[in-house]
Amino acid sequence: MQYPIKRLEQIQRIDLEIGAVEGEASSVRQAIDGVEVGIKSAQGIVERLEAELAEFTTQRSGVQLHLEETNARVKKAVDRMGEVKNDRELKALTREKSQGTKTSKNIEQELSTVQAKFDEKQAEVDAKMAEIEEKEQELERLTSELDAGKDGREKAVEDKSKQRDELVRDIPQSLLDKYEAIKSSRGGRAVVPVKDEACQGCYIHVPPQLYVQLSRGEDELISCPHCHRILYVEDQPAAV
Ligand SMILES: [Zn+2]
């Protein structure tokens, strides 16, 4: 049998590959969650804006009604002017007409202010709706991306898991347990190379004596004294 370290190194590589495949899918899932949250929040904003819009609509109807009534009063005064019997009546009607016209102008001003606010609010709603539509397209794209890669990912994980099962077969359970324990406490990396005499897990230099032992490739597992990861030297001319 190969040195267990070689096997562990291969198992570590496969575990990282499986992790990468699953990580890819999970980052797409995270993106989907993010977009969904964004859509919900935008929908909430649209709801609030639409309530405000409804208030402006009510306000506008009230102002419009007031304007119609005022205009009708002015018209009535004008109509009655043809039937006046004396100066006093004419004066009164003239005053009513001029006051009504003035009021009507003010109401028109008010109406245009309300309308401007309404338009502004409507533009906000439109912009939010466009944003939602964009996000929904993004969601659709991400969802189909996730679905499209599903079979490939499952196949890749299955193949790698088979390779892993083969590798694991001859390894003592106690060693596997140790590997798993280090892996879960050290961010998924339990077996790391030593490069330039430094552990590539924690980047701290290993003691020279340990490095010599490692370079000899002894059939004994050597752990980093700092991070406790299992160390190996990559197959390349080692600097002495
Ligand atoms: Zn280390």
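Things to note:
- Calculated FRET efficiency for the pair H66/Q30, C-beta based, R₀ 51 Å, to 0.05: 0.40
- Given charges at Cβ of Lys, Arg, Asp, Glu: the chain dipole, positive-most of V114, C227, V212: V114
- Förster radius 25 Å - calculated FRET efficiency between S41 and T113, Cβ distance, rounded to 0.05: 0.25
- Shape category assigned to segment 173-233 from the gyration tensor of Cα positions, a/c cut at 1.5: oblate
- Note on segment 52-143: Cα-Cα pairs beyond 22 Å make up 54% of the total pair count.
- Each 10 Å bin from zero holds the following percent of Cα-Cα pairs in the chain: 6, 17, 14, 11, 10, 9, 8, 7, 6, 5, 4, 2, 0.
- The value obtained for segment 97-240, namely the Cα convex hull volume divided by the number of residues, is 241 Å³ per residue.
- Zone residues, segment 112-141, relative to Q59, backbone N less than 16 Å from point 7 Å out along Cα-to-Cβ: 112-125
- Only Lys, Arg, Asp and Glu carry charge here, each on its Cβ (+1 for the first two, -1 for the last two); on that basis the chain has a dipole of about 1220 debye about its Cα centre.
- From the Kirkwood radius over Cα pairs of segment 1-55, Stokes-Einstein at 37 °C and 0.692 mPa s returns a whole-number translational diffusion coefficient of 219 µm²/s.
- The chain: calculated mean residue ellipticity at 222 nm from DSSP helix runs of at least 4, using -39500 (n - 2.57): -28500 deg cm²/dmol
- Unit charges at the beta carbon, dipole of the chain: most positive-side option, I14, C202, S104: S104
- Distance violations [Cα-Cα > 32 Å] among K155/K183; K135/K162; K40/K117; K155/K178: K135/K162
- Nearest 10 degrees, 0 to 90: helix 87-168 Cα axis against the chain principal axis: 10
- Unit charges at the beta carbon, dipole of segment 19-168: most positive-side option, V168, S41, L67: L67
- The chain: angle of helix 4-81 to the longest principal axis, Cα-based, in degrees nearest 10: 0
Values in this text are rule-based calculations from the coordinates and carry no lab data. Quick caveat, the model's predicted, so the values are computed rather than measured. Methodologically, a virtual Cβ is constructed for each residue, glycine included, from the backbone with ideal geometry; neighbour enumeration extends over all protein chains shown.
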